[in-house]
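The values are calculated or read from the model by the stated rules, or taken from the named source; none is laboratory data. Every value quoted in this text rests on a predicted model; they were computed, and no experiment measured them. For neighbour counting, all protein chains shown are included, and Cβ atoms are generated from backbone atoms with ideal geometry for every residue, glycine included. For accessibility, only protein heavy atoms count, side chains too; no ligands or nucleic acids. Shrake-Rupley method; radii C 1.70, N 1.55, O 1.52, S 1.80 Å.
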Amino acid sequence: MTEQRKTVIITGASRGIGHATALLFLERGWRIITCARGDAPPEAATDENWLAHIPTDLAKADSIKAFIVEATKLLDGGPLHALVNNAGLSPKTPYKERLGCLNGDLDAWREVFEINFFAALRLSRGFASALHNGHGAIVNITSIAGHYIHPFAGSAYSISKAALSAMTREMAGEFAALDVRVNAVAPGEIETSMIQPEYEALIPRIPLDRMGAPRDVASTVYYLCSEDSNYVTGTEIWVTGGQHMY
């Protein structure tokens, strides 16, 4: 009897950490379903295990609901083994100024929370049954900025990630009854499109003396979705090169 191929859903998979995570799961033989505001990456058209990339606006409840319906159809009654809530938004001014509590449009704050926080909750609820059937795992991508005041990440982003950290703990307690594990990964300075030249100034505060790569985060996400972490839930793993120690 052949072992069932596992399936993961990954949000924000068109670039950066989400894209690296999608490629790693494909390498490990998983089937993947992805969504993002952006277009499908080229690999989505060439790898048969990339079941679908579904354009989705995670700031809108109706768009999330439509994604859940379409992804559930693709699962065709089968189990879901992992959900990676990776998509995130960190708005800046046209001059890349940090938006704090005293400046910035509150509607922009609401959009940040819809994408960084509420989308993870909506998707986790929407796929709870399929995850239960797969004895699956949820991984939320938080941030070092959710734990410390960051010189460049805006307040709305940082606070939404702090809320996501807290929700990970609450979800872990509740989803355990469904035999679903819930953990988080908190990246530090990872070389993605969010990183600007000014971030170089932070490297002296990173013990490993370099920025991380998206693959560094992806491999930790994979661990938390794999059988190697079967007794791990309610945990947030730092992927910061040691920056969080200072």
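Observations on the structure shown:
- Cβ-Cβ under 9 Å pairs, at least 6 apart or on other chains, the range 75-93 side under 14 Å from Ser158 (Cα atoms) and of a type in the set (Lys, Arg), far side in a strand (DSSP E or B) and open to solvent by less than 20 Å² (accessible area, probe 1.4 Å): none
- All of Ala166, Ala153, Ala177 fail the test of being in contact (Cβ under 8 Å) with a residue 12 or more places away in the chain and either in a helix (DSSP H, G or I) or not aromatic (Phe, Trp, Tyr) (or both), apart from Ala153.
- Candidate set from the range 218-239 (those that are of a type in the set (S, T, N, Q) and out of contact with any strand residue (DSSP E or B) (no Cβ under 6 Å at 6 or more places or on another chain)); member that is surrounded by the fewest Cβ atoms within 10 Å (Cβ to Cβ): Asn230
- Residue tally, condition surrounded by 12 or more Cβ atoms within 10 Å (Cβ to Cβ) and touching a helix residue (DSSP H, G or I) at 6+ places or on another chain (Cβ under 9 Å), over the range 78-109: 20
- Residue count for the range 167-190 satisfying the condition of being in contact with a Gly (Cβ under 8 Å, 6 or more places away or on another chain), more than 23 Å from Ser14 (Cα to Cα) and open to solvent by less than 20 Å² (accessible area, probe 1.4 Å): 4.
This table checks each residue for (1) touching a strand residue (DSSP E or B) at 6+ places or on another chain (Cβ under 6 Å); (2) under 20 Å from Lys6 (Cβ atoms); (3) without any contact (Cβ under 8 Å) to a residue 12 or more places away in the chain; (4) open to solvent by less than 20 Å² (accessible area, probe 1.4 Å).
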{"site": "Leu23", "(1), (2), (3), (4)": "no, yes, no, no"}
{"site": "Glu27", "(1), (2), (3), (4)": "no, yes, yes, no"}
{"site": "Ile32", "(1), (2), (3), (4)": "yes, yes, no, yes"}
{"site": "Arg37", "(1), (2), (3), (4)": "no, no, no, no"}
{"site": "Pro42", "(1), (2), (3), (4)": "no, no, yes, no"}
{"site": "Asp47", "(1), (2), (3), (4)": "no, yes, no, no"}
{"site": "Trp50", "(1), (2), (3), (4)": "yes, yes, no, yes"}
{"site": "His53", "(1), (2), (3), (4)": "yes, yes, no, no"}
{"site": "Ala59", "(1), (2), (3), (4)": "no, no, no, no"}
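- Being closer than 18 Å to Thr168 by Cβ, of a type in the set (A, V, I, L, M, F, W, C) and out of contact with any Leu (no Cβ under 8 Å at 6 or more places or on another chain) is a description that applies to Phe113.
- Count of residues meeting criterion [open to solvent by less than 10 Å² (accessible area, probe 1.4 Å) and either under 16 Å from the mean Cα position of the chain (by Cα) or closer than 25 Å to Ala82 by Cα (or both)] in the range 191-210: 0
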